[in-house]
Amino acid sequence: MFFIIVGVLVIALNLLGIGPIGAWNWDFTGDVWKFTVPFILAALWWAWADKSGLNKRREIEKMEARKQNRRTENLAAMGLDTRARRKAKKR
């Protein structure tokens, strides 16, 4: 997401004519490659994150947190112990 924000910011600065970025041209043989670098880096980051499993791990962690919160809320609504400690059975 960071690279996308940087890319949009670079384009906005160019269109508004602010700073040295405002002097870049849009010719294919000119400075257009400078506008595409953040978007290419974003695509590479997303490809790496998907291939390494980073996105899947984050998704699983979010699902586990939601499941735990739902369980805690349900136990509290029923008036049960939410700390999930079981009392030892005496023999």
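Tabulated data for the structure shown
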{"read-out": "Nitroxide proxy distance, nm - points 7 Å out along Cα→Cβ at residue 4 and residue 73", "value": "2.7"}
{"read-out": "Inverse mean reciprocal Cα-Cα distance (Kirkwood Rh) of the chain, Å", "value": "17.8"}
{"read-out": "Selection from 38, 1, 52 lying farthest towards where the dipole of the chain points positive, charges on Cβ", "value": "52"}
{"read-out": "Cβ-Cβ FRET estimate between residue 58 and residue 26, R0 fixed at 35 Å, reported to 0.05", "value": "0.45"}
{"read-out": "Value of relative contact order over the chain, rounded to a whole percent, pairs C-alpha under 8 Å and six or more apart", "value": "21"}
{"read-out": "1.4 Å probe accessible area per residue over the chain, in Å²", "value": "88"}
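The values are calculated or read from the model by the stated rules, or taken from the named source; none is laboratory data. The model shown is predicted, which means the values in this text are computed figures rather than measured ones. Neighbour counts run over all protein chains shown; Cβ positions are idealised from the backbone, glycine included. Note: areas computed on protein heavy atoms with side chains; ligands, DNA, RNA excluded. Shrake-Rupley method; radii C 1.70, N 1.55, O 1.52, S 1.80 Å.
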